[in-house]
Amino acid sequence: MQDHSPRLSLPFILPSQAQKHVTHNEALTRLDIAAQLAVESVDAATPPAQPEEGQVWALGPAPTGAWAGQAGSLAAFVNEAWLFVAPGEGWRALDTSDGRLYRRAGTEWVPLAPPLL
């Protein structure tokens, strides 16, 4: 039996598992990050000095500081710590700093052209 879901890597509650609430809460936290994804910026490299709970950044190819070694991940500040989530192919994210919509293509965030109405 797998211990994580295939698309969002959400942890499953396993038979006879102790502290089921911990696994369930981790899954909810990951869903909270991924669903309706909005990021503070795309290709971020340096962690902010004072992040706010729930803020998310799409990391670039060479992040530094607390983000070092997490290139391409989403960095979410939850429970006063950094949680890193690997975005999947085709994920979409709104960059709240400039209002642009991006799509994950391979290892990059690619801006989407606005639709013709």
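Does P48 satisfy being part of a loop (DSSP other than H, G, I, E, B) and surrounded by 18 or more Cβ atoms within 10 Å (Cβ to Cβ)?
No.
To keep it simple, each residue is scored yes or no on (1) hydrophobic (A, V, I, L, M, F, W, C); (2) closer than 27 Å to L112 by Cα; (3) touching a Leu at 6+ places or on another chain (Cβ under 9 Å).
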site	(1), (2), (3)
R30	no, yes, yes
D43	no, yes, yes
A49	yes, no, no
P61	no, yes, no
L83	yes, yes, yes
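Say whether the condition of being in a helix (DSSP H, G or I), under 24 Å from R103 (Cβ atoms), charged (D, E, K, R) and open to solvent by less than 50 Å² (accessible area, probe 1.4 Å) is met by at least one residue in region 21-42.
yes
In region 77-97, how many are more than 12 Å from S41 (Cα to Cα) and either of a type outside the set (V, I, T) or open to solvent by 50 Å² or more (accessible area, probe 1.4 Å) (or both)?
14
Examine region 59-69 for a residue that is under 21 Å from V110 (Cβ atoms) and open to solvent by 40 Å² or more (accessible area, probe 1.4 Å), and state whether such a residue exists.
Yes, some residue in region 59-69 is under 21 Å from V110 (Cβ atoms) and open to solvent by 40 Å² or more (accessible area, probe 1.4 Å).
The values are calculated or read from the model by the stated rules, or taken from the named source; none is laboratory data. Everything quoted here is computed from the prediction, not taken from an experiment. Using ideal geometry, Cβ is built from the backbone for each residue, glycine included, and neighbour counts are taken over all protein chains shown. Ligands, DNA and RNA are excluded from the accessible area calculation, which covers all protein heavy atoms including side chains. Shrake-Rupley method; radii C 1.70, N 1.55, O 1.52, S 1.80 Å.
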